[in-house]
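This structure is in structure tokens; I'll ask about it shortly.
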Amino acid sequence: MRFRLLALLILLGCTPKTPASLHDTAIRPPSAPKHPHSVTLHGDTRVDDYFWLREKESAEVRAYLDAENAYADGFMTPTRDLQNTLYDEIVGRIQETDQSAPYRNGAFEYYHRTEEGKQYRTYCRREPGKPETEAVLLDMNALAEGRPFLGLGAYEVSPDGRYLAYSLDETGFRDYTLQIKDLRTEQVLPERIPKVQSVAWASDSETFFYTVDDDTKRAHRLLRHHLGEEGEDEVLYQEDDERFHVAVWRARSGKLVFRGAFSHTTSEIAFLPADRPEARWRLVADREQDHEYDVEHRGNELLIRTNDRGRNFRVVRAPLASPGRGSWKEVIAHRDDVMVEGLDVFEDFYVVLEREMGLPYVRVVRFQGGASHRIVVAEPVYAIYPGDNEEFATGVYRFRYESLTTPDSVFDYDVADRTRTLVKRIEVLGGYEPSEYRAERLWATAKDGTRVPVSLVYKRGSLEGGPAQMLLVGYGSYGYPYPTTFSHARVSLLDRGFVYAIAHVRGGGELGKTWHDQGRMANKMNTFTDFIAVAEHLVDEGYTAPSQLAIEGGSAGGLLMGAVTNLRPDLFGVVVSLVPFVDVLNTMLDDSLPLTVGEYEEWGNPNERDAYFTMKGYCPYTNIEKASYPTMLVRTSLNDSLVMYWEPAKYVAKLRAHKTDPNPLVFKINMDAGHGGASGRYDYLKETAFDYAFVLTHLE
């Protein structure tokens, strides 16, 4: 009864103290045995007491992980009613039976459906404007029966609309197996190709190209397959530089197939005619270190996004017959204050995805006359990005728009008339009214004087009584801007008086490639000090207080959580770290692991002395000390192939041995999922409710 009362108090916006039973000494975390592993490099000797946790099939490791899960479940038992309340609230806002906005591709409209009570999407198509002609292409719910996890990778329909090439991952480890379905007969063909990453059809709809992974899950080979042919497929290309991965895709025009090799800093692209799948590949531009480019096709020319004259990219065009750099003619010049993030090309116009002062913009340019304009956006904080644009000959550009207060919305933009039509907006049930919430954009000042953008959203009135509870999130890696998008789940926090904030720290891409450069390699510490500066700014401005401040990050954002917690444990009340990349030094020294070699260009190569000591200076696992740490929740998945489960497992074990405080440390492992957590939509929302209940119960 008293926990029903606790849930009710939280629903009413109260902030109760942590129930005493959550600190019940009868509930004890497991003790991890030590099996020391000593490593010496660059004259530096490190002892890793928990190296043994890497042995995934070891009974001792499984027993330890099971014990951690048992402790987490026992510890969180008093919040079960609250978790259920949160889950019911979140699901109650979702239109469970729904359909996406159909998009045209050839003779059909394609879309997906969800049904109440079902975990996965059903992928369908129909004749344009004729719902009665619906055909189910993939029922993921039927395919998932008897499986705890199911992920969809490739999903490519052949040009004639007859075949569907799709790939499935049944473990979460990103092991995708490609299959072909005949959409006329609804039969799945005998082909089964493992470890496939990308697929592109040739014009004949009988031939396709695909890329496959090596043992480190790096797509390293390109092959060609003819339907019905037995025997081994021909390897058309193999990438031996372990920094690079290979991808294949078909141009929107349908006339070319592209092959690309990409590292974090360099790219190389070749093409062949889609109607001649056995033709020779033609290179666009030779590989050159630190030169990145993308390619789009139209008629007798290519449009190319390139950083050859500046980090923020420019746009050039080149004749198809001689696509090399000597033929490039500038279309849009490089600008120091505007990042060209992407390029979409159509028959009569092209679209440039830009970012300026941290905000994204869509610029539309007509080929005839060259007239150019941006699509107008009114909100101070928002996200705008391409929708499904499969048709080349069209006068309409589909884009998606959402913000911290506006749900995901699909618009069709008439390029000639400059008018937009709302095609679909995701509903928020239960009386959600956007005007009751306020979004803001602030700037914090880092210790070196750099201004760092901050996005905020809260329910109006939440700050009238002084500092509020806050969830501050961040990422700051790979040049990815943190998305300022809508969340049905987040409303549960906002309605309880929370402020939700995003720290757009260096290492991300919010202010262009230089913003990324200032938070990577030897500059990585800027990412962490920026986040601390944002937190301090929000406290100084009266938005929150340290005891009311929860922070959250996942993957490389989990590295951010670990680093700032080591640097300023006094600044945060609760830390939520999801699939966290916290054992940076050991992982980057193991080139047998997925991602390691390719990511030398993001973090540095610790086999080099300077990079080693830079990483050692911020690596969360390495820098755990005898100290007091905030209340913490760490979540991971056993089958994660991007951040191996043992990173957070080692991190938690070492924290338990070193922390000097009585604050809770909870470690939860999903034993049937990968990097993104549960694959079913309801299971995923239960994980979110678990996280929110932890935060709500432990902030003042």
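For the range 606-615, enumerate the residues that are farther than 20 Å from Gln518 by Cβ and buried (at least 17 other Cβ atoms within 10 Å of the Cβ).
Matches in the range 606-615: Pro606, Tyr612.
Based on this model, can you work out whether Ser322 counts as farther than 30 Å from Ala107 by Cα and touching a strand residue (DSSP E or B) at 6+ places or on another chain (Cβ under 6 Å)?
no
Are any residues in the range 555-586 without any contact (Cβ under 8 Å) to a residue 60 or more places away in the chain and outside any helix (DSSP H, G or I), and if so, which ones?
Across the range 555-586, the qualifying residues are Arg568, Phe572, Val575.
Which residues, counting only those in the range 443-464, are surrounded by 13 or more Cβ atoms within 10 Å (Cβ to Cβ), part of a loop (DSSP other than H, G, I, E, B) and either among the basic types (Lys, Arg) or at pLDDT below 95 (or both)?
none
Moving to a separate point now. Run Pro323 past the list (1) closer than 16 Å to Ala251 by Cα; (2) in a loop (DSSP other than H, G, I, E, B); (3) under 27 Å from the mean Cα position of the chain (by Cα); (4) not hydroxyl-bearing (Ser, Thr, Tyr) and report the number of the one that doesn't hold.
Exception for Pro323: condition (3).
Sticking with this one: Could you tell me whether the range 100-110 includes any residue that is crowded, with 16+ Cβ neighbours inside 10 Å, under 30 Å from Tyr692 (Cα atoms) and not assigned by TED's automatic domain parsing to the domain that holds Pro386?
Taking every residue of the range 100-110 in turn, at least one turns out to be crowded, with 16+ Cβ neighbours inside 10 Å, under 30 Å from Tyr692 (Cα atoms) and not assigned by TED's automatic domain parsing to the domain that holds Pro386.
Condition test on Gly553, is it assigned by TED's automatic domain parsing to the domain that holds Pro648, under 21 Å from the mean Cα position of the chain (by Cα), modelled with pLDDT of 95 or more and closer than 30 Å to Glu96 by Cβ?
yes
Scan Phe694, Phe667 and give me the residue that is in contact (Cβ under 8 Å) with a residue 60 or more places away in the chain, under 22 Å from Val499 (Cα atoms) and among the aromatic types (Phe, Trp, Tyr).
One residue alone meets the criteria, Phe694.
If only one of Thr529, Thr587, Thr544 is assigned by TED's automatic domain parsing to the domain that holds Ala468 and in contact with a Pro (Cβ under 7 Å, 6 or more places away or on another chain), which one is it?
Of Thr529, Thr587, Thr544, the one residue that is assigned by TED's automatic domain parsing to the domain that holds Ala468 and in contact with a Pro (Cβ under 7 Å, 6 or more places away or on another chain) is Thr544.
May I pose another question? Which of the residues that make up the range 495-527 are in a loop (DSSP other than H, G, I, E, B) and farther than 29 Å from His698 by Cα?
Selection gives Gly507, Gly509, Glu510, Leu511, Gly512, Gln518, Gly519, Arg520, Lys524.
A follow-up question, please. Counting only residues that are of a type in the set (D, E, K, R) and part of a strand (DSSP E or B), which one in the range 174-184 is surrounded by the most Cβ atoms within 10 Å (Cβ to Cβ)?
Checking each candidate, the answer is Lys181.
Modelled with pLDDT of 95 or more, crowded, with 20+ Cβ neighbours inside 10 Å and under 17 Å from Val695 (Cα atoms) - does that describe any residue in the range 539-548?
Looking through the range 539-548, at least one residue is modelled with pLDDT of 95 or more, crowded, with 20+ Cβ neighbours inside 10 Å and under 17 Å from Val695 (Cα atoms).
Filter the range 336-377 down to the residues that are over 27 Å from the mean Cα position of the chain (by Cα) and not in a loop (DSSP other than H, G, I, E, B), then identify the one that is surrounded by the most Cβ atoms within 10 Å (Cβ to Cβ).
Checking each candidate, the answer is Phe349.
Quick one: in the range 145-173, of everything that is aliphatic (A, V, I, L, M), in contact (Cβ under 8 Å) with a residue 40 or more places away in the chain and farther than 10 Å from Ser679 by Cα, which residue is surrounded by the most Cβ atoms within 10 Å (Cβ to Cβ)?
Ala165
Can you find, within the range 588-626, the residue that is farthest from Val47 (Cα to Cα) among those that are under 24 Å from the mean Cα position of the chain (by Cα) and hydroxyl-bearing (Ser, Thr, Tyr)?
Per the criteria, the residue is Tyr600.
Additional query: If I ask for residues that are without any contact (Cβ under 8 Å) to a residue 24 or more places away in the chain and more than 23 Å from Phe667 (Cβ to Cβ), which ones from the range 76-114 would you list?
Asp88, Glu96, Thr97, Gln99, Glu109, Tyr111, His112, Arg113
Identify all residues within the range 98-135 that are farther than 27 Å from Leu429 by Cα and in contact with a Ser or Thr (Cβ under 6 Å, 6 or more places away or on another chain); write none if there are none.
Matches in the range 98-135: Arg126, Glu127.
So which residues in the range 634-681 are within 30 Å of Ala144 (Cβ to Cβ) and of a type in the set (D, E, K, R), if there are any at all?
Arg635, Asp640, Glu647, Lys668, Asp672, Arg681
Look at the range 409-454 and say how many of its residues are small (Gly, Ala, Ser), out of contact with any Ser or Thr (no Cβ under 8 Å at 6 or more places or on another chain) and closer than 20 Å to Ala501 by Cα.
Looking only at that region, the number is 2.
A further question on this structure: Among Arg506, Arg520, which is surrounded by 21 or more Cβ atoms within 10 Å (Cβ to Cβ), in contact with a strand residue (DSSP E or B) (Cβ under 9 Å, 6 or more places away or on another chain), within 30 Å of Arg460 (Cα to Cα) and among the basic types (Lys, Arg)?
Arg506
The values are calculated or read from the model by the stated rules, or taken from the named source; none is laboratory data. Keep in mind that what you see is a predicted model, and the values were worked out from it rather than measured. All Cβ positions, even for glycine, are placed from backbone atoms using ideal geometry, and neighbour counts span all protein chains on display.
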